[in-house]
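Here, each number is a calculation from the coordinates, and none is a lab measurement. Fair warning: this is a prediction, and the values are worked out from it, not measured in the lab. Cβ: placed from backbone, ideal geometry, glycine included. Neighbour counts: every protein chain shown.
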Amino acid sequence: MNAEQVDTRQFPSQSQDAQFRQVLEKERRRLLQRSGEDGDGRALGRNPDRTDLAQAYASRERDLTLSTLEQEQLEQIEAALQRLDDGTYGRCARCGQSINPERLEVLPYATLCITCQRQQEQV
């Protein structure tokens, strides 16, 4: 196999593609539903003291952090769904080789094979 050829033997099959799409769409729906939630959804109902304000602030910071992480995950899921549509799902974005289907089962929006992921983490 020369440098221009890509090994397609392990790319997800059409039935696996359908399964990955189902998992990705389910997680996408979950994240979208969660993003519609508003904090903890309760009002204090009295004049807050410093402790209440500090707890509310900490809770809001946690929610914002989770929101940011969930937004990033949502973007990764949508990109994976686009790769499914484009026929490039399951290919490593760096080397072009197939991503092990077992890796995709654990992280269905993975863009790198395990070898390239390890190399990236070492940098």
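Counting only residues 5 or more places away or on other chains, whose amide H sits under 5 Å from the amide H of Arg91 once H atoms are built in the peptide plane?
Long-range HN contacts for Arg91: Ile99.
For the residues Thr51, Thr88, what sequence is obtained by ranking on other C-beta atoms within 10 Å, fewest first?
Thr51, Thr88
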